[in-house]
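Worksheet: the structure to be examined is printed underneath.
The values are calculated or read from the model by the stated rules, or taken from the named source; none is laboratory data. Remember, predicted model here, so these are calculated numbers, not experimental data. Virtual Cβ from ideal backbone geometry, glycine too; neighbours counted across all protein chains shown. Only protein heavy atoms, including side chains, enter the accessible area calculation; ligands, DNA and RNA are left aside. Shrake-Rupley method; radii C 1.70, N 1.55, O 1.52, S 1.80 Å.
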Amino acid sequence: RVRGKKQLLLFPFVEYEKLYPFPVTHPCDRQSMVDVARPDLEAFPAFATASGQYTTLQPADLVFLPYGWFHWLRNDDALSISLSFWSLSTKKERVPDVFSAHDLTLVRRNLEKHMAARFGAALFPQRMRRLLRLIDAGPGGETSDGVVGEVLAEARTLLGAVQVADPEKQDEFLRSMLRVRFEGEWQGAAARGAL
């Protein structure tokens, strides 16, 4: 902070799903669909259990935001000034032996980017909902169809490589990734222009 006060609310990466991030193909990628100042808990029920940290920044305060942390800011003063700097971290040179919750948040995001590239932006939401139905149907349920079935197989292979080998755990991981952005009441709010 250089001048003025600013309210700050931080949510760690482990709250990712409870913040309902926009899909990676959306112009608001990396942002939450929830208006934290006036949350709609009918559309975003999991937000009620999100745990964040709140503070008011004063002049000369410094904040470090780790990658993947959501943050909400609001100026308290009309003439408030802040400076921001971004650091490009180096990539890990090898796959870790144990994946932390933070690593799995990155996996979730990268997997969604891969799926978006495979499906294309125009068909992305529709195909992600189809993928969710395919997972929910389970073995012997709905039959896989072309690219959706291929992407599900690719996702399972990638999850196996990051130590999510159990098919039930893979389905749980994929459901949590898909449900918060491709299913639910928020879609009706988005269609009404409320988001």
Of the residues LEU10, LEU41, which is in a strand (DSSP E or B) and either open to solvent by less than 30 Å² (accessible area, probe 1.4 Å) or touching a helix residue (DSSP H, G or I) at 6+ places or on another chain (Cβ under 9 Å) (or both)?
LEU10
Suppose we filter GLN187, GLN163 for residues that are surrounded by fewer than 17 Cβ atoms within 10 Å (Cβ to Cβ), modelled with pLDDT under 80 and more than 22 Å from ASP29 (Cα to Cα); which single one remains?
GLN163
Looking only at region 119-141, and only at residues there that are open to solvent by 80 Å² or more (accessible area, probe 1.4 Å) and of a type outside the set (Gly, Ala, Ser), the one that is modelled with the lowest pLDDT
PRO139
